[in-house]
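A.B. asks: There's a structure below that I have some questions on.
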Amino acid sequence: MRSKKELPEKYDFEERISGGSAFNFLTLHNDDVHTFDYVIETLIDVCEHDIVQAEQCAYIVHYKGKCDVKKGSINRLQPLKRKLIDKGLLATIE
C-alpha cells in the first residue's frame with residue numbers, strides 16, 4: 001500500500017511544469033454521414049475504447065449531439081483529435 005504523499009504511477013512531470021491541465025476533453029460531435037459501426041471501430045482504434053464504451057459513446061453522440069470521449073492534457077488529446085479528423089469525424093478539444 002502506498003502512502004498518501006506518493007505520486008500516482010502515471011504522474012507526468014512535463015505536463016505539470018508546462019502548465020498542462022488534465023481537465024480537457026476530446027469531444028466527438030454528431031454528423032449525418034458515418035455509420036454507427038464506423039464510429040465504434042474508430043473509437044476503438046484511435047481512443048483505445050473497449051467495444052461497450054465505444055458503443056455507448058456512439059449512441060450518446062447520436063442522441064445528444066456530442067460526447068466527451070477522452071479526458072487529458074492538450075498534449076495528449078491533440079494527436080487523438082487529429083486522427084479522428086483524419087478519419088472524417090468531427091472532434092474538438094474543450
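Every read-out reported here was derived from the displayed coordinates using simple, explicitly stated rules and does not represent laboratory data. Remember, predicted model here, so these are calculated numbers, not experimental data. Ideal geometry is used to build each Cβ from the backbone, glycine not excepted, and the neighbour counts take in all protein chains shown.
A.B. asks: Residue by residue through the range 39-52, what is 3J(HN,Hα) from phi via Karplus (6.51 cos²θ - 1.76 cosθ + 1.60, θ = phi - 60°)? Round to whole Hz and write x for glycine and proline.
C.D. replies: Whole-Hz 3J(HN,Hα) from phi for the range 39-52: 5, 4, 4, 5, 5, 5, 5, 7, 9, 6, 6, 7, 4, 5.
A.B. asks: Right, next: 5 Å is the cut-off here: which amide hydrogens, built 1.01 Å from N in the peptide plane, fall below it relative to Lys70, excluding neighbours closer than 5 in sequence?
C.D. replies: For Lys70, whose amide H was placed from the backbone, the distant partners under 5 Å are Leu26.
A.B. asks: Roughly what would the spin-label model give for Ile51 and Phe36, points 7 Å off Cα along C-beta, in nm?
C.D. replies: So the two model labels end up 1.4 nm from each other.
A.B. asks: Long-range amide H contacts for His49: which residues qualify at under 5 Å (H placed 1.01 Å from N, peptide plane, sequence gap of 5 or more or a different chain)?
C.D. replies: Ile44
A.B. asks: Can you put Glu94, Glu55 in order of Cβ neighbours within 10 angstrom, beginning with the fewest?
C.D. replies: Least to most surrounded, the residues fall as Glu94, Glu55.
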